[in-house]
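A short reminder: the numbers here are calculations on the coordinates, not readings from a lab. Computed from a predicted model, the values in this text were never measured in an experiment.
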Amino acid sequence: MTDIRVVLLDDEADVRTAIAQSLELKGYDVVTCATPTRALDLIAPDFPGILVSDIKMPRMDGLTFLGQVRDMDAELPVILITGHGDVPLAVQAMQAGAQDFIEKPFETARLTEAVARAVTVRRLALENRALRAELESRDRVESTLVGRAPVMVELRHRLRTIAASPADVLLRGETGTGKELAARAIHFLSDRADKPFVAINMAALPETLIESELFGHEAGAFPGAHRARYGKFEHARGGTVFLDEIDALSLPLQAKLLRVIEERSVTRLGSHESVPLDVRFVASSKADLEARVEAGSFRKDLYYRLAVVALDMPPLAARMEDVPRLFQHLVNQAALRHRRAAPAVEPELLKDLAARDWPGNVRELRNAADRFVLGLDVFSRDVPDHAATLPERMERFEKAAIAAELAAQAGNMKATYEALGISRKTLYEKMQRHGLEREQIAPATADRPDV
């Protein structure tokens, strides 16, 4: 009948049996306890159940028991069973947070009605907690991977779907597109969120030390190894290992990594015993690994083992309409890091930002935000994008300029087309051609009528 369990506490065996049978006949899953200590051992803050307890018990009365339950979870319903002389105590318990009380002798229907109400209350409380947790995780991911462009909306949707599975993941994308942020989002949204997240930059580890760093070593495994040491893989047990720039790994080490991933175990240097490894692997590469496989510089079996799920991180060029909003977000972050007040971002600067190429992607834009907060030249380190053709750059400029003006005008369409020097019809046509939506760029004002 229900996914909510009933914990029944009474020190009299005959009473426990009779009440339990009555509730079980109504379809409830009942667990009986003879002592308050046993009942308290069964519950936890998100315990999917309710409590039915006698108010008079040796060593701990119902009021004390109620207090300990509420310390553990203030929303966990407790129904108290009272004798005639215990009614004042029961009223006091209700004032202290008990869900209900039933006076002896009672009819079975009276008890089952009280239990049904408590079960409904508990189920709603747990559903609300789950919803709040989902919203909090959604807010965290959206504040980490900022953007309202369709490619970013789709990216966050896919991240949430991927995180719920145990599959290993390969993140592909240019430098600065946020691959580590995506890896952390996958970890945070998974059931491993309370375990370690260990990020390893494969390109930064010296070839001579990489095996010891990853796999660990026993004492005496090599000169200078005076004592045993866990590797990074073992440090991540139960959590997620992020293998950044996996393409930098040499072929011999690729073979050893493949074995770890396939067997989910690691053997320290100098040891013959394998250690079980409960981790999830998320790898990233800015290189085309399929091309590397064809060229023979990356193992095909490792590639397919890592790319159980592959996710492409969009470059900033694919979501230039996000530049104004993203820059303001990065300015606020930079101000916190540098312990300064966030300076105002003028609309003209947002237009300039949106009109430029960002080959370094979000990382380059973040550097520009840092320079802006520090009062330096925002564009001092720009690198021109020579890869784009002139028509492509003109299209990109037009899309970015419209998005920047919409952001600067807080979504006011009339002010936008007047500032751009075009007609209302032309603005709508261009927005449609570029896939721009006012709700993505200025959501707070999108419901207001145009003026």
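Pairs of Cα atoms under 8 Å, at least six residues apart: use those to get the relative contact order of the chain, whole percent. Walk me through the numbers before you get to the answer.
Working: 684 pairs, mean separation 49.8, N = 451.
That works out to 11 percent.
What percent of all Cα-Cα pairs in the range 5-129 falls in each 5 Å bin, counting up from 0?
2, 11, 24, 27, 22, 11, 2, 0
Is it possible to state the helix-based mean residue ellipticity at 222 nm for the chain, with each DSSP H run of 4+ residues giving -39500 (n - 2.57), the sum divided by total residues, to the nearest 500 deg cm²/dmol? What is it? Let's see the in-between values first.
On the way: 19 runs with 218 residues, N = 451.
Computed mean residue ellipticity for the chain: -15000 deg cm²/dmol.
Take the eigenvalues of the Cα gyration tensor for the range 147-194, scale each by 5, and report the square roots as semi-axes in whole Å, largest first.
Taking √(5λ) for each eigenvalue gives 18, 13, 10 Å, largest first.
Expressed in whole Å with the largest first, what are the equivalent ellipsoid semi-axes of the range 210-333 derived from the C-alpha gyration tensor as the square root of 5 times each eigenvalue?
34, 20, 13
Using each residue's phi in the range 233-250, evaluate 6.51 cos²θ - 1.76 cosθ + 1.60 at θ = phi - 60° and report the 3J(HN,Hα) Karplus result to the nearest Hz, with x for Gly and Pro.
Here the 3J(HN,Hα) series is 5, 5, 4, 8, 3, x, x, 10, 9, 9, 9, 7, 6, 4, 5, 7, 6, 6 Hz.
Binning at 5 angstrom from zero up to the longest distance, how are the C-alpha pair distances of the range 136-258 distributed in percent?
2, 10, 18, 19, 17, 14, 8, 7, 3, 2, 1
Give the span of the chain's Cα atoms along each principal axis, as three whole-Å numbers ordered largest to smallest.
Its Cα atoms span 89, 75, 41 Å along the three principal axes.
What does DSSP give for the chain in terms of the percent of beta bridges that are antiparallel, rounded to the nearest 5?
The antiparallel fraction comes to roughly 10 percent.
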